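The values are calculated or read from the model by the stated rules, or taken from the named source; none is laboratory data. Fair warning: this is a prediction, and the values are worked out from it, not measured in the lab. Using ideal geometry, Cβ is built from the backbone for each residue, glycine included, and neighbour counts are taken over all protein chains shown.
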Amino acid sequence: MARILFVTGKGGVGKSTISSATALRISELGYDTLLISTDPAHTLADLFEQRINAEVTGIAERLDAVQVDVVHEVAEHYSELMDFITEVLKARQIDEVVAYEIANFPGVTGAAALLKLLRYLEEGTHDVYVLDMVPSGDALRILYLPFIFSRFSRRFMKLITPFIELGKPISYLTNIPVPSREVVETEIRLLEMLEKIHGYITDHKVTSLRIVMNPDAFSIENAKRTLIQASIYGLNTDLVFINKIFPEELSKGYLSEWYKAQRDYLARCELEFNPIPIKKVRLFSEEVKGKNSLRVLAEEIFGEEDPTKVYHESRPIEILHSERGFEIILKIPGVSKEDLEVERFGDELLIHLTLPTGRSAIILPLPAISYKYSMKKAKIINGELHIYFGEGDE
């Protein structure tokens, strides 16, 4: 069975570099590896110092790369759907040029990237697929697409197909275009394909999400948001990379305060991302560029390990929904009720922990549904913090 590794992180943290080093290492272990970039920045070409485009390009023995042109993918495979969306917008008196721009929204192009991956998977072109994703906010929206589409019934789409012939009279009465048979069939095919990729993404033996961050406040908060979103979607985050860590030589002099701050952030990450394994990656003295530099980086990160293994399989954060609200379960081993205080501030939870090393705090972003509910109670059960949300006042 193929292995899929999604690598994401805040823009500028080095996710393309980590993705490339990971893919190179995997290929040198004997796996046929395809490195896929959905990031329009075309960083892979700079890292490997060669042209990489929308066609699969050979990089090294057993390593290929491709730069997915999502706009081209949509135009080639889903033009009927795009044209229909545009016609609906034009019927609402939206300028045609603007209508095409709106129809080409990120979700559509993101879906095209996932469907491109599905075609590779079904053709069995490689053993391992490493995806260098767009920055994490957009990446999670792309990965969420199969979950959104899975809410719509294929049966409903098939039921309306016999009534397509009534399209013109209905369109005349409502002044809104009715989808053609070709559009409906394209939509059904799209749903079926997204359901397939949904199955791959949520299979923890097949797919892992790996988060790259830097040891700074903004990057860490972004990584935590990515982690909770991934947990909501059912993705398995099995590894975290903390990149660009200052070496000890920088502990004195101009960058000494940055060095100290990074050490504090590293300690914080050990607590807040537990039990997910963390790979600490030093800041190199020069730009990582070319296969030799990437090979050195991969050796430092993985040593003798096989990067295709599942490093961790569980949800450090689980969200359970019910008719009356939802429950957040957070793994915090070794913490008693007396060591814990939970407060809510808008769309975030502030969890205070009193540990032997001092007082710490975890800021946990809440899912959007939390706006409907109040925090009711929190308790520790077998090393897990359970936080309950429901209707009514707190």
- [ ] Check the range 210-219 and report whether any residue there is among the small types (Gly, Ala, Ser) and either touching a helix residue (DSSP H, G or I) at 6+ places or on another chain (Cβ under 6 Å) or in contact (Cβ under 8 Å) with a residue 60 or more places away in the chain (or both).
- [x] yes
Open item on the list: Gly303 - would you say it is more than 21 Å from Leu209 (Cβ to Cβ) and touching a residue at least 60 places away in the same chain (Cβ under 8 Å)?
Closed with: no
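Could you identify the single residue in Ile381, Ile329 that is surrounded by fewer than 11 Cβ atoms within 10 Å (Cβ to Cβ), outside the structural domain of Thr226 (by TED's automatic domain parsing) and at pLDDT 85 or above?
Numbers: Ile329 fails: surrounded by fewer than 11 Cβ atoms within 10 Å (Cβ to Cβ).
So the residue among Ile381, Ile329 that is surrounded by fewer than 11 Cβ atoms within 10 Å (Cβ to Cβ), outside the structural domain of Thr226 (by TED's automatic domain parsing) and at pLDDT 85 or above is Ile381.
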- [ ] List the number of the failed condition for Ser285; all other conditions in (1) under 22 Å from Val13 (Cβ atoms); (2) in contact (Cβ under 8 Å) with a residue 24 or more places away in the chain; (3) small (Gly, Ala, Ser) hold.
- [x] (2)
Open item on the list: Considering only residues that are at pLDDT below 95 and polar (S, T, N, Q), which ones fall in the range 272-295?
Closed with: Asn274, Ser285
Open item on the list: I'd like to check something: does the range 296-305 contain any residue that is under 18 Å from Ala223 (Cβ atoms) and in contact with a strand residue (DSSP E or B) (Cβ under 6 Å, 6 or more places away or on another chain)?
Closed with: yes
Open item on the list: Can you find a residue that is more than 19 Å from the chain's Cα centre (by Cα), more than 17 Å from Leu330 (Cα to Cα), assigned to a loop (DSSP other than H, G, I, E, B) and polar (S, T, N, Q) anywhere in the range 255-277?
Closed with: no
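Val206: over 22 Å from Pro367 (Cβ atoms), buried (at least 23 other Cβ atoms within 10 Å of the Cβ) and under 17 Å from the mean Cα position of the chain (by Cα), yes or no? Before you say what the answer is, go through the steps one by one.
Values: over 22 Å from Pro367 (Cβ atoms): yes; buried (at least 23 other Cβ atoms within 10 Å of the Cβ): no; under 17 Å from the mean Cα position of the chain (by Cα): yes.
The answer is no for Val206.
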Open item on the list: I want to confirm something. Restricting to the range 296-324 and keeping residues that are among the small types (Gly, Ala, Ser) and at pLDDT 85 or above, which single residue is nearest to Ala23 (Cα to Cα)?
Closed with: Ala298
